[in-house]
Amino acid sequence: MKLLKRPLEAWGMFLIFALIVVIGTASFFIKWMPPLASNRISIDQMMNVLFIITGIFFVLVQGLTGYFIWKYSDQNKERSTYIPGSYALEVTWTLGTAIILAVLGIWGVKVWKKTVIQAPPPNALQVEVVAQQFSWSFLYPGPDGVFGKLNPKYISFLNPLGIDPKDSAGKQDVWTKDDLYLPVGKPVVLRIRSLDVVHSFFVPAFRVKQDAVPGMTISTWFIPEKKGKYEIACSQFCGRGHYTMRGTCFVVSNVRFQKELAHLRKEDEGE
Amino acid sequence: MPASVLKSTKPPIPIDGGDGSSPRGDDFYYKEHVKWIGLWLFLSAVIMLFAAFTSAVIIRRESGDWKPIYFPSFLLLNTMILIISSFTFEISKRKLRSLQEHGYHFWLGITVVLGFAFLGGQIYVWKLMEGQGYFLPTNPHASFFYLLTCLHGLHLLGGILWLVFLFFGTWQIKNFKSSLTSARLASTYWHFLTFLWIYLYCLLRIV
Amino acid sequence: MTVDKQVERHHKIPGFWQHYIFSTNHKVIGIQYLITAFASALIAAGMAMLIRLEIAWPEHSWPILGTLFPGAFPGGVMRPEVYAALFTMHGTLMVFFFLSAALVGGFGNFLIPLQIGADDMAFPFLNMLSYWVYLTGLLVMLSSFFFSPGGPASAGWTSYPPLSALKTAIAGSDWGQSFWIVGMAFFIISFTMGGLNFVTTVLSMRTRGMHMMRLPLTTWALFTTAAVGILAFPALTAAVVMLFLDRHFGTSFFLPSGLYVAGKLLPNKGGSPLLWQHLFWFLGHPEVYIVMLPAMGFTSDILSTFCRKPIFGYPAMVGSILAIGSLSFIVWGHHMFVSGMNPYLGLFFDITTLIIAVPSAIKTFNWMATLWEAKIQLRTPMLFALAFVSLFVTGGLSGIFLAMAPADIQLHDTYFVISHFHFIMAGASLFGIFAATNFWFPKMFGRMMNETLGKFHFWITFITYYCTFFPMMFLGLHGEMRRLYDPVQYYTMFKSLQPINVFISINAFALGAAQLVFVFNFFWSMLRGEKASANPWNANGLEWTLSSPLPYENWEGNSPEVQRWPYDYSYPGAAKDYLPQVVPEQAAAGNY
Ligand code: HEM
Ligand SMILES: [Cu+2]
Ligand SMILES: [Cu+2]
């Protein structure tokens, strides 16, 4: 019983640290990330391993700290032990963390190369994504596969993207507002740009996020792998209506996708 | 004035007072030491400031609209004025070392006048540039030119005020050592600004 | 020839104005800084309450708020612009005007000369100026609520252009952003003046026997912080100067060609929005460590004192402080993984960020080892210091996710980031400040802070802090973005998360309310608290050899001679379980 004699604070801290460990660990077993709907599975795999490694450290460090607080609050002891340090321990945990982090680092580099740096397959569908306060526009090239030039000079009510009317390549381009159609299983390159301030194209289910920076065209590519409807978010604060800047991505079969495009083209000509 | 005092104007060891503590006590060297550290820390902040601008110049000129502008040749002349002022400051310090009060003040005064001349010259250069149609927003090179010359000028204005202060503060060299310290501190700052200007001139010229 | 005459300042206590208001005494300036910083923290915490109110019950009408602030809450509903202004000012006030000011201006001023055995700072006048410039900056920031057409700055504490540069892009960029720039300029000048002072003081005013390797870790940390600040802040200075020119003089440093805003094509050409981000984060990341390092220092000293045991691995602790300080300059790009910068740069910053995790881990392990085989006394400062370790670990481990560039794709700009930095930067530093205030209070005011109130404050704060910020990680993993005025009106994917937001907000209110206990305890103890002895915690630092409250002149001419490092607790063979730094070797066994 003497062993259990501790000040109340020691028990309190022990309890809180125990709760942190238990609740913290338990809650990470819930799948918080939305189910993956693209080819970026390497990110998920990496995150899962990160959860395990950081989880182990979390339990170990928080748990041990809580336990130490409890254990060494024993007031029966006469005095603390004078231990100014240990060379061996310092070296061990320095090298230990360094090695773990180095492995993680190398892995991170690999995944980054695979998802961001690697060039898209040549047959990829190209879509121009234009962000502005507070909407998304998506521009698909005509059958020629070439985009017409965009120039803010030509922006008008009927031409909000500023498609250059003198550029013949732009004649058959079609655009949609807020709705992005993508064929399932086909690589897509998004060429992201912005007309005014910094926005960010974000689809949580695809693990895709890329800032839209005015003055730059930034490409990112992925393969949507599950049919369905996904919300497109703007994740960079862009002004008063930032919270309204939602788009929708429809991942559909290739046939349906062609139909949509044809439909859009017809509408365009109708005007 | 014993000769040994005149020679030993450098502070002894910085940072460490032998037993690991700082050079202690209320003696003269200690006070001088504090001022030197303060000055160099300040200069390192200024260096970082202009390093930041340098990186901005480098990044900015990558963009397509960078059109080099050409400076009036007067700018080179103005640069010479600043360089000369550094020399006149050195002369004045030399006079101080040999205890020629008069010469010291004379050359210090010249330095102040040259400093003002340089500032006036910079403003004249701005006018010339405006005459050529280069205004602050005209193009990025012009923007950086106005921005950097203005910031350098502000630092130099601070330097001039310091010199004026020195000029009247040490009107009579009552205390040789502290006068010399003040002069050496001020001249370090002054030379620093000269070098900074030469650097900025090259930066603006080369890009 | 005459030697400089020492001004006889001893025994001369100046009148009221010079003593309390325009004082050049480092202790008075420290307390001025601390109290001002607490005031701005309270204001910023109030803003956080409004932010949480809005997120949990978006666009709900609160009639009281409608009557109190009819302009900001028409019909009791917050306007979106107001929400933006609130989080912008919350972040700015908390990071710069509270944490940096309290840690560096407050404790730095108060503690450095005491811990190194100096009479005052190297440049006392500069020190006074630093406080008044800081106060001016704070007043400029706050005045933007009242005097700025369009309200205060609203582009986030990061102020990314073009949003922050174009008056038409958001109401707060009309005048508010200019107030912000001017306020920050004042802050930077003030911080630089303070930093110059601290570094010079530590380098050149240590008392006899005070080697660098005998400095308490608090002083080591404050010293490093000051040096980092001097070198990092100029980048922000450069950035705000250029932003100011872009805003008012038509230049295009950050404004690219073809901007089409509010129905108009702008004439700007060729600027680079990413340039701002680089310059901002070149300061912004070191800034995180500017507020972390002092709190780490306090924690080390407080842990050691209440463990009655030397800090474990002192050289490693000093080394990691220096390593963190210097590495903090080459990791800024981890805030820009998805910003569109060259992806190869992303690789570089990925690696450097993981490297900086190593010294942070070393510190954690050393703190844990300090607990090992100790006889812990759980007084209020100790509780806060222990909680600091816990928050630091939680924040640090979540940081590994953000350091890994591919994971950051998912997590950047979500609540995961908010959670991460509220643990590692905001929370840890906040708890460090609470620990330090409780610990050094007797030195400041000659009285102890009330233990009962202190512990009450601690338990509520610790529990609600976790309950507020830990669930934010799950929001972030799910993808909920930060800075959302209304997360559910447009996005259906966040609807199911709304109960978590309600839970967070309720805890945030409890957290906010608990801080009033601290404020009450602070002022009540200042006036009524139990009188403190010179060394109430039986600590070793030089500051504890002086009376409580401190004399007006620290050492009154007899500066102490230091004989040992400050961590000789439970020294084998010594009579008492502590050995102040001034006790010589021979006397150790006898008197102590
Ligand atoms: C009183 C407890 C606090 C609460 C409840 C709180 C709450 C919040 C919330 C909910 C946000 C996100 C706003 C949004 O994304 O819409 C936020 C942002 C932020 N908080 Fe706190 N916070 C607290 C204390 C602190 C402290 C002590 C700091 C000190 C560093 C801090 C620094 C920040 C910063 C820098 C931001 C980002 C602002 C921005 O997005 O521009 N907070 N806070
Ligand atoms: Cu947005
Ligand atoms: Cu960072």
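The values are calculated or read from the model by the stated rules, or taken from the named source; none is laboratory data. What you see is a predicted model, and the numbers here were worked out from it, not measured in a lab. In this analysis, Cβ positions are derived from the backbone assuming ideal geometry, glycine residues included, and neighbour counts consider all displayed protein chains. Side chains included, ligands, DNA and RNA excluded: accessible areas come from the protein's heavy atoms. Shrake-Rupley method; radii C 1.70, N 1.55, O 1.52, S 1.80 Å.
I'd like to check something: does the range C:321-339 contain any residue that is within 16 Å of ligand 2 (Cβ to nearest atom) and more than 18 Å from C:Leu215 (Cβ to Cβ)? Yes, the range C:321-339 contains a residue that is within 16 Å of ligand 2 (Cβ to nearest atom) and more than 18 Å from C:Leu215 (Cβ to Cβ).
Restricting attention to the range C:458-484 and to residues that are open to solvent by 20 Å² or more (accessible area, probe 1.4 Å) and within 16 Å of ligand 2 (Cβ to nearest atom), the residue that is farthest from the other protein chains (Cβ to nearest Cβ) turns out to be C:Arg482. The residue pairs whose first member lies in the range C:244-262 and is farther than 18 Å from B:Phe53 by Cα and within 14 Å of chain A (Cβ to nearest Cβ), whose second member is open to solvent by 10 Å² or more (accessible area, probe 1.4 Å) and in a strand (DSSP E or B), and whose beta carbons are closer than 8 Å, counting only pairs six or more residues apart or on different chains, are C:Gly258/C:Leu265; C:Leu259/C:Leu265; C:Tyr260/A:Gln132. Can you find a residue in the range A:156-166 that is touching a residue at least 40 places away in the same chain (Cβ under 8 Å) and either within 16 Å of ligand 1 (Cβ to nearest atom) or surrounded by fewer than 21 Cβ atoms within 10 Å (Cβ to Cβ) (or both)? Checked the range A:156-166: at least one residue is touching a residue at least 40 places away in the same chain (Cβ under 8 Å) and either within 16 Å of ligand 1 (Cβ to nearest atom) or surrounded by fewer than 21 Cβ atoms within 10 Å (Cβ to Cβ) (or both). Scanning the range C:159-177 for residues that are open to solvent by less than 10 Å² (accessible area, probe 1.4 Å) and part of a helix (DSSP H, G or I) gives C:Gly172, C:Ser173, C:Gly176, C:Gln177.
Only residues that are under 14 Å from the mean Cα position of the chain (by Cα) and open to solvent by less than 10 Å² (accessible area, probe 1.4 Å) were counted in the range C:396-424, giving 1.
A count restricted to the range C:69-87 and to residues that are within 15 Å of C:Phe146 (Cα to Cα) and more than 31 Å from the chain's Cα centre (by Cα) stands at 2. Can C:Gly346 be described as open to solvent by less than 10 Å² (accessible area, probe 1.4 Å) and either within 15 Å of ligand 3 (Cβ to nearest atom) or part of a helix (DSSP H, G or I) (or both)? When the stated conditions are applied, C:Gly346 passes them.
Checked against the criterion of being among the β-branched types (Val, Ile, Thr) and assigned to a helix (DSSP H, G or I), the range B:157-175 has at least one qualifying residue. Scan the range C:200-243 for residues that are surrounded by fewer than 24 Cβ atoms within 10 Å (Cβ to Cβ) and within 14 Å of chain A (Cβ to nearest Cβ) and the total you get is 2.
Looking only at residues that are more than 8 Å from every other protein chain (Cβ to nearest Cβ) and assigned to a helix (DSSP H, G or I) in the range A:67-77, which one is surrounded by the most Cβ atoms within 10 Å (Cβ to Cβ)? Here the answer is A:Trp70. Among the candidates A:Phe237, A:Phe206, the residue that is surrounded by 21 or more Cβ atoms within 10 Å (Cβ to Cβ) and within 16 Å of A:Arg40 (Cβ to Cβ) is uniquely A:Phe206.
Within the range C:571-587, is there a residue that is assigned to a loop (DSSP other than H, G, I, E, B), hydroxyl-bearing (Ser, Thr, Tyr) and within 14 Å of another protein chain (Cβ to nearest Cβ)? Yes, because at least one residue in the range C:571-587 is assigned to a loop (DSSP other than H, G, I, E, B), hydroxyl-bearing (Ser, Thr, Tyr) and within 14 Å of another protein chain (Cβ to nearest Cβ). A single entry from A:Trp93, A:Trp107 fulfils the requirement of being assigned to a helix (DSSP H, G or I) and under 19 Å from C:Thr364 (Cα atoms): A:Trp93. Among the residues of the range A:113-164, those identified as charged (D, E, K, R) and within 26 Å of the chain's Cα centre (by Cα) are A:Lys113, A:Lys114, A:Glu128.
Picking from residues in the range C:315-336 that are at the interface with chain A (Cβ under 10 Å from one of its Cβ atoms) and open to solvent by 10 Å² or more (accessible area, probe 1.4 Å), the one that is nearest to C:Ser570 (Cα to Cα) is C:Pro315.
When the residues of the range C:508-552 are filtered to those that are away from ligand 1 (no atom under 16 Å from the Cβ), over 20 Å from C:Ala118 (Cβ atoms) and aliphatic (A, V, I, L, M), the one that is surrounded by the fewest Cβ atoms within 10 Å (Cβ to Cβ) is C:Leu527. Would you confirm whether any residue within the range C:376-395 is open to solvent by 10 Å² or more (accessible area, probe 1.4 Å), away from ligand 2 (no atom under 16 Å from the Cβ) and free of Cβ contacts under 8 Å to residues at least 24 places away in the same chain? No, the range C:376-395 contains no residue that is open to solvent by 10 Å² or more (accessible area, probe 1.4 Å), away from ligand 2 (no atom under 16 Å from the Cβ) and free of Cβ contacts under 8 Å to residues at least 24 places away in the same chain. I need every pair where a residue in the range A:202-222 that is more than 7 Å from chain C (Cβ to nearest Cβ) has its Cβ under 6 Å from the Cβ of a residue that is in a helix (DSSP H, G or I) and open to solvent by less than 20 Å² (accessible area, probe 1.4 Å), sequence separation at least 6 or different chains. Sorted first by the residue in the range A:202-222, then by its partner, the pairs are A:Phe222/A:Phe206.
Taken over the range B:133-173, the residue count meeting the criterion of being within 14 Å of chain C (Cβ to nearest Cβ), within 13 Å of B:Leu196 (Cβ to Cβ) and aliphatic (A, V, I, L, M) is 3.
The condition of being over 24 Å from the mean Cα position of the chain (by Cα), open to solvent by 30 Å² or more (accessible area, probe 1.4 Å) and within 14 Å of ligand 1 (Cβ to nearest atom) holds for C:Trp57.
Of all the listed residues (A:Ser80, A:Ser156), the sole one being at pLDDT below 90, under 25 Å from C:Phe312 (Cβ atoms) and either within 10 Å of another protein chain (Cβ to nearest Cβ) or not in a strand (DSSP E or B) (or both) is A:Ser80.
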